[in-house]
Amino acid sequence: MWQMIVSEKRDFLFALLAGTISGLTAVALFAQSGFLISKAALLPPFYIILILTAFLKLFGVAKSASKYAERYISHRVTFSLLEKVRIRFFQSLQPHAHALLSSYRGGDLLTRMTKDVDTLQQYFLRVAYPPLVALLVFFGTMLFTVWFSVWITLLLLISVLLCTVFLPVLWQKKKEATSQQLYTESLTEYFYGLTDLTVAGQRPASEQALQQLSVDFEQDLQNEEKQALQAQLVNQAIALLTAFAVVMLGAYFVTTGALDGLYLAMLLLIALTVFEVAIPLGTVPLHKVKTKEAFNRLTAFNSATIPKQALQQGELQMLQADKLSYSYPNSEFQALRDVSFTITKGEKIAIIGPSGAGKSTLFQLLIQNLQPNVGNILWNGQKTAQIQHEELWAQMGIMLQHNHFFSGTVRENLLSDQEDAHMEELLTKLQLPFSLEQEVLENARNLSGGEQQRLALARVLLRDVPIYLLDEPFAHLDSNLTAHCTDLLLASPQTIVCVTHKLDALAHFDRIFVIHEHQLVEIGHYDDLIEKQGIFYYMQKLST
Ligand code: ADP
Ligand code: MG
């Protein structure tokens, strides 16, 4: 955070200067009032009163003007810092979007983007900058009071240290309450799953749980407020006690002749004013914990490095997996273990296996949405982990297990700039009776699961790239359509890697990779695997 503040150093210094001037002029204003009151009691010549009053006015104006400047500049710094934080956060998030969504709850990311950035707003205004201003103002004031009384200066110093250093340490909270985060996460999930919860009859239960979370959140907010109020109250009490002590000590020094009585009121008012700067410092530790955690959450993703190499030889000749293993974050077991294979140009590969075996995990590794914990994926011998994702994606036609559709037309959802005639021909081949202008609703609510899959398949087939990678493209198709679409897919000259749990139409693939219990257990042509009578043979037998 300080790094960023340094980048705004000019405004930061100006804000500091304005804040210090404003603090010092406030002290001067009250000091002079005190002096004026005492002086007036001694009936001095009228011109002295006049001069003193003029100074009073001057300090008053200077105080207001510098306060305004301070507010203005410090807020400007804050907003430009926030802008930087937002941009950085988005930039750090964007390259890892998929991996993040598989390990964080959507609501969590949402909270980070909104609430945490807002919390950081407090950092500059309440944590980084007030202690510095307070320090400068005290220092200035003490340089002044020490001329009048060393002991009273010492007294001020001790009370101020008590308020700003010792007590805040006592109040330091170890951890921020997580209730708000939980509440936002659950609320987002509730909205995502509203239909499912309703039809399952679970809505009241989940609403009740939400209600409880919101009560906890409310409670935490109140506690926080109470704590802040307590801190301020204690500081206020110390301020008053100090003022009282200054009067007592001052009165004593006046009687011993160590202090001119004329300055007593002035010192009292200085003591009261200087604490005005100190009182907000009581809440610094609270804000510090909050902003620190927000900052950590916002920068948590920065550590992942972004690959920078360009693709060395474009056209795909060989795609290899070398001893790939992968465990999901916060998961104990390996979703994929020690997988190695080589796929050569033009080959048609089916990756099959029971549900949960690790097929999609392997698929996500191949398309660079996940990075292996161990092992490498090699594109013509070059490690893909080092290649810019965009370069690789430009070579791939990818169909995910869940595809997103935008509200718009069929044409827009094909995400292609091919000729209309070509697109229409493909739709017909896929037995989709759509015109290109036909409307698609958000999330393709007006299309059946099978239609969505064929539309997604069309997206891939329209891409002029060397390799197609597809995850369960036929999951919602009946066996006739599956066979038909498989033939259509396999007729393309591209290298094809197709994940499927459907065992029909597999004989048309060049090779089948069998994933079983997170490992690659068999590789071979359909006929060889049947002949071998291994795992694939029994899977096939069970399904018929
Ligand atoms: P499938 O072969 O059905 O495509 P997956 O590759 O999706 O299987 O899943 C393999 C294993 O990894 C499963 O046991 C699954 O529970 C687990 N898994 C999948 N996604 C995650 C995730 N985001 N976090 C933790 N575990 C996961
Ligand atoms: Mg899967």
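The values are calculated or read from the model by the stated rules, or taken from the named source; none is laboratory data. No experiment lies behind these values; they were computed from the predicted model shown. When we count neighbours, we look across all protein chains shown, and the Cβ atoms used for this are built from the backbone with ideal geometry, even at glycine. Calculation scope for accessible area: heavy atoms of the full protein, side chains included, ligands and nucleic acids excluded. Shrake-Rupley method; radii C 1.70, N 1.55, O 1.52, S 1.80 Å.
Mind listing just one residue for me: the one in the range 345-360 that is open to solvent by 60 Å² or more (accessible area, probe 1.4 Å) and touching a residue at least 12 places away in the same chain (Cβ under 8 Å) and, of those, nearest to residue 510 (Cα to Cα)?
Start the filter on the range 345-360 by keeping residues that are open to solvent by 60 Å² or more (accessible area, probe 1.4 Å), which leaves 345, 355-356.
The next check asks that each one be touching a residue at least 12 places away in the same chain (Cβ under 8 Å); those that pass are 345, 355.
Working: 345: 12, 355: 23 Å.
Only one residue fits best here, namely 345.
Can you tell me how many residues within the range 478-499 are open to solvent by less than 10 Å² (accessible area, probe 1.4 Å) and more than 35 Å from the chain's Cα centre (by Cα)? Residues meeting the conditions: 6. In the set (1) more than 22 Å from residue 466 (Cβ to Cβ); (2) open to solvent by 50 Å² or more (accessible area, probe 1.4 Å); (3) within 16 Å of ligand 2 (Cβ to nearest atom), the condition left unmet by residue 400 is number (1).
Quick check on the range 135-154. Is at least one of its residues within 30 Å of residue 220 (Cβ to Cβ) and β-branched (Val, Ile, Thr)? Can you show your working first?
At the first step, the residues of the range 135-154 found to be within 30 Å of residue 220 (Cβ to Cβ) are none.
No, the conditions are met nowhere in the range 135-154.
Residues of the range 313-343 that are at pLDDT 95 or above and within 18 Å of residue 489 (Cβ to Cβ): 319, 343. Checking 237, 245 one by one, the residue that is assigned to a helix (DSSP H, G or I) and under 24 Å from residue 147 (Cβ atoms) is 245 and no other. All conditions but one from (1) without any contact (Cβ under 8 Å) to a residue 24 or more places away in the chain; (2) of a type outside the set (Asp, Glu); (3) out of contact with any Leu (no Cβ under 7 Å at 6 or more places or on another chain) apply to residue 169; the one that does not is (1).
The residues of the range 385-411 that are in contact (Cβ under 8 Å) with a residue 40 or more places away in the chain and within 25 Å of residue 500 (Cα to Cα), listed by number, are 389, 392, 394, 395, 396, 397, 398, 399, 400, 401, 403, 405. Among the residues making up the range 511-535, a single one is surrounded by 17 or more Cβ atoms within 10 Å (Cβ to Cβ) and part of a loop (DSSP other than H, G, I, E, B): 518.
Check the range 385-397 and report whether any residue there is more than 14 Å from ligand 2 (Cβ to nearest atom), part of a helix (DSSP H, G or I), in the same structural domain as residue 516 (by TED's automatic domain parsing) and touching a Leu at 6+ places or on another chain (Cβ under 6 Å). Steps first, answer last, please.
Residues of the range 385-397 that are more than 14 Å from ligand 2 (Cβ to nearest atom), as a first pass: 385-397.
Okay, now just the ones that are also part of a helix (DSSP H, G or I), so 385-386, 389-393.
Now drop any that are not in the same structural domain as residue 516 (by TED's automatic domain parsing), which leaves 385-386, 389-393.
If we keep only those that are touching a Leu at 6+ places or on another chain (Cβ under 6 Å) too, we end up with 391.
Yes, that holds for at least one residue.
Residue 369: open to solvent by 10 Å² or more (accessible area, probe 1.4 Å), within 16 Å of ligand 2 (Cβ to nearest atom) and farther than 20 Å from residue 516 by Cβ, yes or no? In short, yes.
Residues of the range 1-31 being open to solvent by 20 Å² or more (accessible area, probe 1.4 Å), small (Gly, Ala, Ser) and in contact with a helix residue (DSSP H, G or I) (Cβ under 6 Å, 6 or more places away or on another chain), which ones? Scanning the range 1-31 gives a single hit, 28. The criterion of at least 2 residues that are at pLDDT below 80 and within 16 Å of ligand 1 (Cβ to nearest atom) is met by the following helices (runs of 4 or more DSSP H) wholly inside the range 38-141: 97-103, 106-111.
Sub-7 Å Cβ pairs linking a first residue in the range 477-506 that is closer than 24 Å to residue 396 by Cβ to a second residue that is of a type in the set (Asp, Glu) and within 16 Å of ligand 1 (Cβ to nearest atom), at least 6 apart or interchain, are 499/471; 499/472; 500/472; 501/472, ordered by first then second residue. Within the range 500-509, being open to solvent by less than 40 Å² (accessible area, probe 1.4 Å), away from ligand 2 (no atom under 16 Å from the Cβ) and assigned to a loop (DSSP other than H, G, I, E, B) holds for 505, 509. Would a scan of the range 429-440 turn up a residue that is more than 19 Å from residue 461 (Cα to Cα), touching a helix residue (DSSP H, G or I) at 6+ places or on another chain (Cβ under 7 Å) and either within 15 Å of ligand 1 (Cβ to nearest atom) or open to solvent by less than 60 Å² (accessible area, probe 1.4 Å) (or both)? Taking every residue of the range 429-440 in turn, at least one turns out to be more than 19 Å from residue 461 (Cα to Cα), touching a helix residue (DSSP H, G or I) at 6+ places or on another chain (Cβ under 7 Å) and either within 15 Å of ligand 1 (Cβ to nearest atom) or open to solvent by less than 60 Å² (accessible area, probe 1.4 Å) (or both). You will find that of 208, 232, 222, the residue that is within 30 Å of residue 268 (Cα to Cα), in a helix (DSSP H, G or I) and either in contact with an Asp or Glu (Cβ under 7 Å, 6 or more places away or on another chain) or polar (S, T, N, Q) (or both) is 232 and no other.
Yes/no matrix, rows are residues, columns are (1) within 29 Å of residue 543 (Cα to Cα); (2) of a type in the set (A, V, I, L, M, F, W, C); (3) touching a Lys or Arg at 6+ places or on another chain (Cβ under 9 Å):
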| position | (1), (2), (3) |
| --- | --- |
| 414 | no, yes, yes |
| 454 | yes, no, no |
| 504 | yes, no, no |
| 509 | yes, yes, yes |
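Of the residues making up the range 511-533, those that are without any contact (Cβ under 8 Å) to a residue 40 or more places away in the chain, out of contact with any Lys or Arg (no Cβ under 8 Å at 6 or more places or on another chain) and either polar (S, T, N, Q) or within 16 Å of ligand 1 (Cβ to nearest atom) (or both) number 2. Checked against (1) in the same structural domain as residue 471 (by TED's automatic domain parsing); (2) open to solvent by 60 Å² or more (accessible area, probe 1.4 Å); (3) among the basic types (Lys, Arg), residue 308 meets all criteria but (1). Does residue 69 count as among the small types (Gly, Ala, Ser) and out of contact with any Leu (no Cβ under 9 Å at 6 or more places or on another chain)? Criteria not met by residue 69. Look at residue 168 and say whether it is touching a Pro at 6+ places or on another chain (Cβ under 7 Å) and either of a type in the set (Gly, Ala, Ser) or modelled with pLDDT under 90 (or both). Judged against the criteria, residue 168 is a match.
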